[in-house]
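The values are calculated or read from the model by the stated rules, or taken from the named source; none is laboratory data. These numbers come from a predicted model, not from an experiment. In this analysis, Cβ positions are derived from the backbone assuming ideal geometry, glycine residues included, and neighbour counts consider all displayed protein chains. Each accessible area value is taken on the protein alone, full model and side chains, heavy atoms only, with ligands, DNA and RNA left out. Shrake-Rupley method; radii C 1.70, N 1.55, O 1.52, S 1.80 Å.
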Amino acid sequence: MRKFAFSFLLLIAAVNLWAQPASAEYAPAPTDKALLWKVTGNGQETPSYVYGTIHMIGRDDYFLTDSAKKAFESVKHVAFEIDMEDMTDMSKMMPLMMKAFMVGDTTLKDLLSEEEYAQVSEHFQQVGLPMMFVDRIKPMFLSVLGSGGEDMMSFDPNAESSMVSYEMEFMKMAQEKKMDIDGLETAEFQMSMFDSIPYKVQAQMLMDAINTEDGGNSDQFDEMVKLYKDQDIYAMQDMMDEEGGIAGYEDLLLVRRNRNWIPIMEEAMKQRPTFFAVGAGHLGGEEGVIALLREAGYTVEPLID
């Protein structure tokens, strides 16, 4: 699992109304190196927390700070980008999978050169997905499967692998404590973004993902992991801003989702203290979750340890 899968899972979105950017005064400072943020104010009697995840990381690189563990223990409600329990429910996943196919008779062969198509075919053969099964699937959906290999294709939170999902780990912790689990958006809502980006553009993103997985940009993924372990959300934001594959779609894939989440987070925090686990790429910047919560009147402080 490498750089693109992380970036893609952080950025999938659907189209919503445009909102004006938050003031730069609300954005985290470069010195605020923290994945865990405490949210207070606006009538909250007890704090809620926002934690920045990386959706897949090597088992040897996985870590959880003492502050994060303590914060998690202090709440009874956990909210992810989507309800992670739905990802293990095949009755909910199967109808969603039907939406993964391209409309009409378009196939990957129509979107790629002969050389690219051969490269894609070889790649998916290696991860156990013959082209006859994937030729009509939307390229961005294939980017998830292709970048994660068998690790991304298995939704078993108890399965042993070389990769770790922070979301799956938090879900297991929540289930053990019988916490309520929710999502800030639905999987159907996320899937709708596949129809908002031209298939040709998606196909190029797929090629970027495969080139990365096959060693083309492993240094970039390693750098992202390093920044994550340093809890440097400011540098991670800069790195994501330089991503070539999503150029022109940052508003669709990131900004609008952040804006949509704020009223949902506010309602959840009114009801009970909540631990929000979302991709770290959503935290920083003038349009990040931290800045938007501050703009809404909350005090949002980094917890560094």
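If the condition is being open to solvent by 20 Å² or more (accessible area, probe 1.4 Å) and part of a loop (DSSP other than H, G, I, E, B), then segment 136-146 contributes only Arg136. Set side by side, the residues Ala22, Ala71, Ala34, Ala5 differ, and just one is modelled with pLDDT under 90, buried (at least 21 other Cβ atoms within 10 Å of the Cβ) and over 30 Å from Ile210 (Cβ atoms), which is Ala22. For segment 83-93, the criterion of a residue being open to solvent by less than 30 Å² (accessible area, probe 1.4 Å) and at pLDDT 85 or above is satisfied by no position. The single condition from (1) modelled with pLDDT of 90 or more; (2) part of a loop (DSSP other than H, G, I, E, B); (3) surrounded by fewer than 15 Cβ atoms within 10 Å (Cβ to Cβ) that Glu185 fails is (3). For segment 37-60, what are the residues that are in a loop (DSSP other than H, G, I, E, B), open to solvent by 10 Å² or more (accessible area, probe 1.4 Å) and at pLDDT 85 or above? Matches in segment 37-60: Gly41, Asn42, Gly43, Gln44, Glu45, Thr46, Pro47. Any idea which residue in segment 122-135 is nearest to Thr106 (Cα to Cα), counting only those that are open to solvent by less than 40 Å² (accessible area, probe 1.4 Å) and among the aliphatic types (A, V, I, L, M)? The selected residue is Val134. Beta carbons closer than 7 Å, at least 6 apart along the sequence or on distinct chains, pair a first residue in segment 193-213 that is assigned to a helix (DSSP H, G or I) with a second that is open to solvent by 40 Å² or more (accessible area, probe 1.4 Å) and not small (Gly, Ala, Ser) for Met207/Glu116; Ile210/Gln119; Asn211/Asn217; Thr212/Arg2; Glu213/Arg2. Residues in segment 258-305 that are over 20 Å from the mean Cα position of the chain (by Cα), open to solvent by 30 Å² or more (accessible area, probe 1.4 Å) and within 21 Å of Ile181 (Cα to Cα): Glu266, Glu267, Lys270, Gln271, Arg272, Pro273.
Taken over segment 259-304, the criterion of being within 16 Å of Ala24 (Cβ to Cβ) and touching a strand residue (DSSP E or B) at 6+ places or on another chain (Cβ under 9 Å) is satisfied by Leu283, Gly284, Val289, Ile290, Ala291, Leu293, Arg294, Val300.
Contact annotation: residue pairs with Cβ atoms under 6 Å, 6 or more positions apart or on different chains, pairing a residue in segment 276-298 that is closer than 11 Å to Gly52 by Cα with a partner that is open to solvent by 10 Å² or more (accessible area, probe 1.4 Å) and of a type in the set (Ser, Thr, Tyr), are Gly284/Tyr234. Of all residues in segment 105-121, exactly one satisfies the criterion of being part of a loop (DSSP other than H, G, I, E, B) and either open to solvent by 60 Å² or more (accessible area, probe 1.4 Å) or at pLDDT below 85 (or both), namely Asp105.
The residue that is modelled with the highest pLDDT, among those in segment 221-245 that are open to solvent by 60 Å² or more (accessible area, probe 1.4 Å) and not in a loop (DSSP other than H, G, I, E, B), is Lys229.
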